[in-house]
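Before any comments, here is the structure.
The values are calculated or read from the model by the stated rules, or taken from the named source; none is laboratory data. The structure presented is a predicted model; accordingly, all values stated were derived computationally and were not measured. Positions of Cβ are backbone-derived with ideal geometry, glycine not excepted, and every protein chain shown enters the neighbour counts.
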């Protein structure tokens, strides 16, 4: 039997949320602590639409103008190198339409996506067995991107850094720095991203 860990304290023998089965807690206290955030996404996981194709991975979108995170399917183009180049494989998420640059300054129209991998909850002091990746426009601080109010809302105003533009949160198996494959996000990974936003830019 697999032992799940609590998303809040990393305690063992945690139980799944009875509604979405996509996040686990070791006690009612930890569940209550997380509920203001989890309630924004719980129903979406419980009523998940069909996967468009086997190449699509589930991700979380933090929209610019909405206070509520959204679940989206992201197409991940799969690549395999030939044996002469190492025979490795990787996936490239298609985020062009999600991180579109219609609202940015003309000289920043060429889309570049920055990956921010998370393998540890610095705010709560424990490591993960997988990687959560925050993906955003690489020049959002200077390209005219609007402030992301979903980040402000999900952190309950505790965010220290001024995040801008749409943000996508995805998940990768394992914690190796060269991991380039993706898997479906879980509801617990929203807590990982939000704690990252709160801790980002602060002295540990």
Result of the Cβ filter at 9 Å on region 1-21, keeping first residues that are farther than 18 Å from residue 192 by Cα and partners that are surrounded by fewer than 14 Cβ atoms within 10 Å (Cβ to Cβ) and at pLDDT 95 or above, at least 6 apart or interchain, is 19/43
Being surrounded by fewer than 18 Cβ atoms within 10 Å (Cβ to Cβ), touching a residue at least 60 places away in the same chain (Cβ under 8 Å) and under 18 Å from the mean Cα position of the chain (by Cα) narrows 43, 67 down to just 67
Worksheet item: Just to be sure, is residue 197 buried (at least 20 other Cβ atoms within 10 Å of the Cβ) and modelled with pLDDT of 95 or more?
Response: yes
Q.
Could you go through region 165-181 and let me know if any residue there is farther than 19 Å from residue 75 by Cβ, in contact with a strand residue (DSSP E or B) (Cβ under 7 Å, 6 or more places away or on another chain) and at pLDDT 95 or above.
A. yes
Flag if residue 114 is surrounded by fewer than 20 Cβ atoms within 10 Å (Cβ to Cβ), in contact (Cβ under 8 Å) with a residue 24 or more places away in the chain and assigned to a loop (DSSP other than H, G, I, E, B) = no
When every residue in region 139-163 that is part of a loop (DSSP other than H, G, I, E, B) and more than 24 Å from residue 110 (Cβ to Cβ) is compared, the one modelled with the lowest pLDDT is 160
Looking across region 88-110 at residues that are in a loop (DSSP other than H, G, I, E, B), in contact with a strand residue (DSSP E or B) (Cβ under 9 Å, 6 or more places away or on another chain) and exposed (fewer than 15 other Cβ atoms within 10 Å of the Cβ), the single one that is modelled with the lowest pLDDT is 88
Over region 124-138, the set of residues modelled with pLDDT of 95 or more and assigned to a loop (DSSP other than H, G, I, E, B) is 124, 125
Note on residue 50: of the conditions (1) surrounded by 12 or more Cβ atoms within 10 Å (Cβ to Cβ); (2) more than 28 Å from residue 155 (Cα to Cα); (3) more than 17 Å from the chain's Cα centre (by Cα), unmet is (1)
Picking from 171, 137, 156, 191, the residue that is touching a helix residue (DSSP H, G or I) at 6+ places or on another chain (Cβ under 9 Å) and farther than 24 Å from residue 34 by Cβ would be 137
